[in-house]
Amino acid sequence: MPLPETQKVIHGNEYVEPVIMEIPLPKLSQNQVLVKIGFAPLNPTDIIRLKGHYGDKKLIGAEGSGIVVAVGESLKFPFKVGDRVHVRGPGTYAQYVVTTSENISHILQDDLSLEEAASHFVNPCTVHYMGYLAEKGGHKAAIHTAGSSALGRMLIRYFKLKGIKLINIVRRDEYIEELKKEGADYVLNSQSPNFEKDLKGIAEKENATIAFDAIGGEFTNKVFKSQPANSILYIYGALGGLTIQQLDIPQFFQKKMIAGLFLTDYLEILGEQGCQELFRETHSLLSTTLHTKVIKVYPLEQIKDALAFYQENSSKGKILLKPN
């Protein structure tokens, strides 16, 4: 079947409203592959990029799955037309994406659907990075501030596999039993009147010297204060705002640290060969430990509806876009 001359893509704009645009289908150069996107998940990083806080608003979508429909010359990795593949962005919020063969993260396992394969990079590799940091630092227990998120549920299973205790923080009581059924060691509701006292007690008991914070705002300091001396807190999200407020300076006198966690840093640490090993390992776990629950699928044209649904239901599972 001949390829179309144009395609639909999602762009951000100056009014922070995603728009559907029709643009020419790009031409292939050396070592490039054209993938027809099957599904692409909504991730917090994509939403931040839509709002223009970082990155190119014309290239939205960090990951997805699809089928190779054309290949350029001199491919570094030998993909062929018809291969079902994982693909990394940016640019997967589109009907087609042109990328280098290195950015196609392997052919799908036979038992994995395109829907299941879409969330293969951002959350699984971030969870792997968290495990790497915990093991490298000799940490036996950790705190995670987005316990009911898709990444949080994945982290529970992965840290259980690694033998690392995890203190999970949620905002609603309904998630407490849900996460315990998934194997969570501890689940605390941040809205509880005893939250800070309980968190500090468990953190000291388990020696939770590493924390992963997706919230920011004033919440970061609550977690930071709960950790024992010689702890580190990594910030990897900004659900509570793009600033950290009211940091308790005496905490730093206890040899505590705060650092950022950005997935691209991990990829640089690993190098090309290490990344290929990372993708092989994470992809092998996509149907088990690193499985993602999909709760709703929207066509590309309904991006605004998808974003509205995401705001109310992101803790229940992943929302996917279906461009084709």
Report task. For segment 63-101, enumerate the residues that are out of contact with any Leu (no Cβ under 9 Å at 6 or more places or on another chain) and aromatic (Phe, Trp, Tyr). Result -> Phe77, Phe79
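Looking at segment 213-227 only, could you name the residues that are in a helix (DSSP H, G or I) and either of a type outside the set (A, V, I, L, M, F, W, C) or surrounded by fewer than 16 Cβ atoms within 10 Å (Cβ to Cβ) (or both)? I'd like the intermediate steps shown before the answer.
Kept after step one, since they are in a helix (DSSP H, G or I), are these residues of segment 213-227: 219-226.
Result: Thr220, Asn221, Lys222, Lys225, Ser226.
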Query raised in the report: Among Ala259, Ala308, which is the only one that is surrounded by fewer than 16 Cβ atoms within 10 Å (Cβ to Cβ), in the same structural domain as Gly64 (by TED's automatic domain parsing) and either farther than 21 Å from Thr45 by Cβ or more than 15 Å from the chain's Cα centre (by Cα) (or both)?
Result: Ala308
Requested in this report: Could you check how many residues of segment 47-82 are buried (at least 17 other Cβ atoms within 10 Å of the Cβ), over 14 Å from Glu102 (Cβ atoms), of a type outside the set (Gly, Ala, Ser) and modelled with pLDDT under 95?
Outcome: 6
Query raised in the report: Is it the case that Thr282 is surrounded by 13 or more Cβ atoms within 10 Å (Cβ to Cβ), part of a loop (DSSP other than H, G, I, E, B) and at pLDDT 95 or above?
Result: no
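For segment 24-41, give me each residue that is over 15 Å from Glu73 (Cβ atoms) and surrounded by 13 or more Cβ atoms within 10 Å (Cβ to Cβ). Spell out how you get there, then give the answer.
Just the residues of segment 24-41 that are over 15 Å from Glu73 (Cβ atoms), to begin with: 24-26, 35-41.
Once the filter is applied, which keeps residues that are over 15 Å from Glu73 (Cβ atoms) and surrounded by 13 or more Cβ atoms within 10 Å (Cβ to Cβ), segment 24-41 yields Leu25, Pro26, Val35, Lys36, Ile37, Gly38, Phe39, Ala40, Pro41.
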Requested in this report: Collect the residues in segment 99-158 that are small (Gly, Ala, Ser) and either in contact with a Pro (Cβ under 6 Å, 6 or more places away or on another chain) or over 30 Å from Phe219 (Cβ atoms) (or both), keeping them in residue-number order.
Outcome: Ser101, Ser105, Ser113, Ala117, Ala118, Ser119
Report task. Sort out which residues of segment 228-258 are assigned to a loop (DSSP other than H, G, I, E, B) and under 20 Å from Leu166 (Cβ atoms), and write them in order of number. Result -> Pro228, Asn230, Ser231, Tyr236, Gly237, Leu239, Lys256
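Right, Ala62: touching a Pro at 6+ places or on another chain (Cβ under 7 Å), touching a residue at least 40 places away in the same chain (Cβ under 8 Å) and hydrophobic (A, V, I, L, M, F, W, C) or not? Step through it out loud before you land on a result.
Numbers: touching a Pro at 6+ places or on another chain (Cβ under 7 Å): yes; touching a residue at least 40 places away in the same chain (Cβ under 8 Å): yes; hydrophobic (A, V, I, L, M, F, W, C): yes.
So Ala62 fits the description; yes.
For segment 93-212, list the helices (runs of 4 or more DSSP H) that sit wholly inside it and hold at least 2 residues that are farther than 28 Å from Ser65 by Cβ; which are they?
Numbers: elements: 114-117, 122-136, 150-162, 174-181, 195-206.
The helices (runs of 4 or more DSSP H) meeting that bar are 122-136, 174-181, 195-206.
Can you pull out every residue in segment 285-305 that is of a type in the set (A, V, I, L, M, F, W, C) and buried (at least 17 other Cβ atoms within 10 Å of the Cβ)? Walk me through how you get there before you give the answer.
Step one: of segment 285-305, the residues of a type in the set (A, V, I, L, M, F, W, C) are 285-286, 290, 294-295, 297, 300, 303.
Selection gives Leu285, Leu286, Leu290, Val294, Leu300, Ile303.
The values are calculated or read from the model by the stated rules, or taken from the named source; none is laboratory data. Quick caveat: nothing in here was measured; it's all calculated off a predicted structure. Methodologically, a virtual Cβ is constructed for each residue, glycine included, from the backbone with ideal geometry; neighbour enumeration extends over all protein chains shown.
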